[in-house]
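Q: The structure is given below, and queries will be raised subsequently.
The values are calculated or read from the model by the stated rules, or taken from the named source; none is laboratory data. Because the structure is predicted, anything quoted here is derived from the model rather than measured. Every residue, glycine as well, gets a Cβ built from its backbone with ideal geometry; the counts of neighbours run over all protein chains shown.
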Amino acid sequence: MFEHKDKLYTVEEIIRKVSKLSKDETKLTTENKIKTPILRSLGSSLAGEFKGSDKDTIECLILAILRSNFKGNYTIAFEIMKRNKKLFLDENSEYIMIEIMNNHINDWVACDDFSTHSYAYWLEKNPSKVAHATKFAQSKNAMVRRACAVSFIYAAKKGMFISESLRSIEPILSDEHYLVQKAIGWLLKEHLKHGTMSKVVLKWCQEREHHLSNIVKTYCSYKEYTKRKKLFDVDRSKSFFL
């Protein structure tokens with residue numbers, strides 16, 4: 001149950017109240033038949049309904065939705081979190097970040113939605129917590145291990161946390177899950193787009209080439225380097241990265 005305006009609601013009731021869905025339409029969401037854009041819209045509507053609420057209220061709402069059996073709950077919850085971005089940038093938000101990562105990341109969609117937005121924004125504002133992401137490599141959950149790479153995508157697009165992110169993915173280079181390997185390649189590709197630091201990343205790739213899977217090399221995108229190779233004075237031996 002969740003309290004809103006002095007009344008108690010189940011998660012389903014409050015979502016239906018805010019979104020003005022009928023019981024039959026709400027049933028569709030419990031059967032996972034409503035598409036992601038509509039779920040995001042529900043999250044946006046809930047964020048609007050709770051606009052101006054304090055952080056504790058928004059945090060309780062997010063966790064109540066995540067802990068419910070409502071299909072698509074993480075899409076709705078993470079949309080609310082994104083809409084309240086400023087509330088979750090302080091160091092004290094570490095609790096909810098860890099709670100979500102440890103208990104509510106069950107597939108690659110949830111991983112990417114959370115890790116490339118709310119968690120990434122928090123890391124940017126709290127650089128002393130960057131080592132946080134490296135610990136995910138020890139998780140039994142492959143989607144949490146995927147977050148070792150995905151959590152740095154946002155920063156990589158801005159040319160930030162180069163060395164930190166490379167240290168983070170080092171322990172998962174030999175991970176057997178293909179979605180973890182894809183995430184490593186995605187991160188490296190984003191880093192290679194930045195001319196100022198791509199020489200560092202390229203060297204890192206060359207030194208570990210024999211430890212990088214074909215999936216990583218494919219997703220890293222050979223083209224990202226070939227577009228820039230004239231910028232660098234590198235050893236042109238036979239290598240995937242040349």
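Q: Just to be sure before I move on: is Lys82 within 18 Å of Leu123 (Cα to Cα), surrounded by fewer than 22 Cβ atoms within 10 Å (Cβ to Cβ), without any contact (Cβ under 8 Å) to a residue 24 or more places away in the chain and not hydroxyl-bearing (Ser, Thr, Tyr) in the structure I sent?
A: no
Q: Out of (1) in a loop (DSSP other than H, G, I, E, B); (2) at pLDDT 90 or above, the odd one out for Asp235 is which?
A: With respect to (1) in a loop (DSSP other than H, G, I, E, B); (2) at pLDDT 90 or above, Asp235 is out only on (2).
Q: While we're here: Hey, which of the helices (runs of 4 or more DSSP H) in region 104-172, taking only ones fully inside, have at least 3 residues that are outside the structural domain of Glu79 (by TED's automatic domain parsing), at pLDDT 95 or above and among the small types (Gly, Ala, Ser)?
A: Ranges flagged: 142-150.
Q: What number of residues within region 173-184 are buried (at least 17 other Cβ atoms within 10 Å of the Cβ), not in a loop (DSSP other than H, G, I, E, B) and not polar (S, T, N, Q)?
A: Selection size over region 173-184: 5.
Q: Taking region 39-74 as the region of interest, how many residues are at pLDDT below 80 and surrounded by 18 or more Cβ atoms within 10 Å (Cβ to Cβ)?
A: The qualifying residues number 1.
Q: Return the pair list, or none, for Cβ contacts closer than 8 Å from residues in region 197-215 that are within 12 Å of Glu170 (Cβ to Cβ) and in the same structural domain as Ser165 (by TED's automatic domain parsing) to residues that are small (Gly, Ala, Ser) and at pLDDT 90 or above, at least 6 apart or on different chains.
A: Short answer, once both residue conditions are applied: His211/Ser174.
Q: Sticking with this one: Run Lys20 past the list (1) touching a helix residue (DSSP H, G or I) at 6+ places or on another chain (Cβ under 9 Å); (2) at pLDDT 85 or above and report the number of the one that doesn't hold.
A: Failed condition: (2).
Q: Please go through region 41-93 and pick out each residue that is charged (D, E, K, R), under 25 Å from Trp108 (Cβ atoms) and part of a loop (DSSP other than H, G, I, E, B).
A: Arg67, Lys71
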